[in-house]
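The values are calculated or read from the model by the stated rules, or taken from the named source; none is laboratory data. Since we're looking at a predicted model, the values are computed, not measured. Quick reminder, even Gly has a Cβ in these numbers, built from the backbone with ideal geometry, and neighbours come from all protein chains shown. To get the accessible areas, we keep the full protein, side chains included, count just its heavy atoms, and leave off ligands, DNA and RNA. Shrake-Rupley method; radii C 1.70, N 1.55, O 1.52, S 1.80 Å.
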Amino acid sequence: MNLTHRTAMLPVAALAAVALAGCSGDSTSSASDASWEPERDVTMVVPFAAGGGSDAFGRVMASAIEEVEPDLVVTVENREGGSGAVGVEYFRSREGDAQMLLAASNYIAVPGSAFEDFSLNQFTPLSIFAEDVNFVVARADAPYDDCAQMIEATTSERIVGGTSGDLTIDGVAQQLMADQSGGDFDKVAFDSGGEIIAALLGDQIDVGFLNPGEVAGQLESGDLKALCHLGSERLPYAGFEDLPTAEENGLNVSMAQIRAAIAPPGITDQQTQYWIDVLERAYETDGVQEFLATNLMVPTLVSGDAFSDYVTEQDAVINEVVK
């Protein structure tokens, strides 16, 4: 198991426990040695429409699984609706079906919504492949050059911040930053990263919270600048090595959207181990690694019990903010 990057939001002591938990299983055995194998084609459920980030990740995973297990056919099935809730509830209904996987992210447990009291631990956590960290970005001519300066400005002037919603990973991160400054953002929710970028370029908002793959083009062109990112350590990609984390800017915020695979609840230990073995080999394929690098994601392989520990830690932080 490769844990070359810290898991988002976990303190160092907790990370050590996660690493040990992740290494405690027999992840070195090959899938062919397992006592269970799929008896039919495998379905990769994506709870969003085709063409988005979750869909792209699900298709890359499906291809990688077929590469390391040539006898398997993995079909991607998009079940969009309800901001992911339709597909996730369908997947939950397939309890015990070990021939279905879900291209998962860290959905937030929103009171009064379809995700109330929700946790990925209600399913069978298999493997996290990456963290998709948020960049905090502004127009190139903005009067602040890092997140410390920007968040200080919220205490004395109106700063409009764009996210994908108050109760999303980036929305929660935005609120955590404001809480620590004593200021606040005027918050605007958008349906996509493209809309946030358009609002920034159109001078409708002052800062935006975006995944790096969404905004890399505008950063390269110089139309926008990155102030910091919300990961737990500096990024390993050329051109972004010097971008500080929010923590380096004095803000105790470390949060990332994960890209992961889970199975339905109620599958057996043998079935769980089979999929962990397959996914850990799929993670190493050129296709997956190229996808992560192209989208500036942080490779973060965390499997099994370590995945469950990650979710438990993150649920605690997010639920406190939601309250």
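Here Leu296 fulfils each of the conditions (1) within 25 Å of Gly165 (Cβ to Cβ); (2) assigned to a loop (DSSP other than H, G, I, E, B); (3) at pLDDT 90 or above; (4) open to solvent by 10 Å² or more (accessible area, probe 1.4 Å) apart from (3).
The set of residues from segment 116-168 being among the acidic types (Asp, Glu) and either surrounded by fewer than 20 Cβ atoms within 10 Å (Cβ to Cβ) or closer than 17 Å to Asp184 by Cα (or both) comprises Glu116, Asp117, Asp141, Asp145, Asp146, Glu152, Glu157, Asp166. Residues in segment 173-209 that are small (Gly, Ala, Ser) and more than 15 Å from Asp223 (Cβ to Cβ): Ala173, Ala178, Ser181, Gly182, Gly183, Ala189, Ser192. For segment 252-274, name all the residues that are open to solvent by less than 10 Å² (accessible area, probe 1.4 Å) and in a loop (DSSP other than H, G, I, E, B). Answer for segment 252-274, where residues must be open to solvent by less than 10 Å² (accessible area, probe 1.4 Å) and in a loop (DSSP other than H, G, I, E, B): Val253, Met255, Pro264. Selection of segment 87-115 for residues being modelled with pLDDT under 80 and open to solvent by less than 50 Å² (accessible area, probe 1.4 Å) yields Asn106, Tyr107, Ile108, Ala109, Val110, Ser113, Phe115. Report yes if some residue within segment 162-182 is modelled with pLDDT of 90 or more and at negative phi; otherwise report no. Yes. Tell me whether segment 219-234 contains one or more residues that are touching a helix residue (DSSP H, G or I) at 6+ places or on another chain (Cβ under 9 Å), in a helix (DSSP H, G or I), open to solvent by 10 Å² or more (accessible area, probe 1.4 Å) and in contact (Cβ under 8 Å) with a residue 24 or more places away in the chain. Yes: segment 219-234 contains one or more residues that are touching a helix residue (DSSP H, G or I) at 6+ places or on another chain (Cβ under 9 Å), in a helix (DSSP H, G or I), open to solvent by 10 Å² or more (accessible area, probe 1.4 Å) and in contact (Cβ under 8 Å) with a residue 24 or more places away in the chain. Within segment 144-185, which residues are charged (D, E, K, R) and either under 25 Å from the mean Cα position of the chain (by Cα) or in a loop (DSSP other than H, G, I, E, B) (or both)? Within segment 144-185, Asp145, Asp146, Glu157, Arg158, Asp166, Asp170, Asp179, Asp184 meet the criteria.
Across segment 186-211, the number of residues qualifying as in a helix (DSSP H, G or I), free of Cβ contacts under 8 Å to residues at least 40 places away in the same chain and among the aliphatic types (A, V, I, L, M) comes to 4. Being at pLDDT below 90, in contact with a Pro (Cβ under 6 Å, 6 or more places away or on another chain) and of a type outside the set (Phe, Trp, Tyr), is that true of even one residue in segment 79-86? The answer is yes, given that some residue of segment 79-86 is at pLDDT below 90, in contact with a Pro (Cβ under 6 Å, 6 or more places away or on another chain) and of a type outside the set (Phe, Trp, Tyr).
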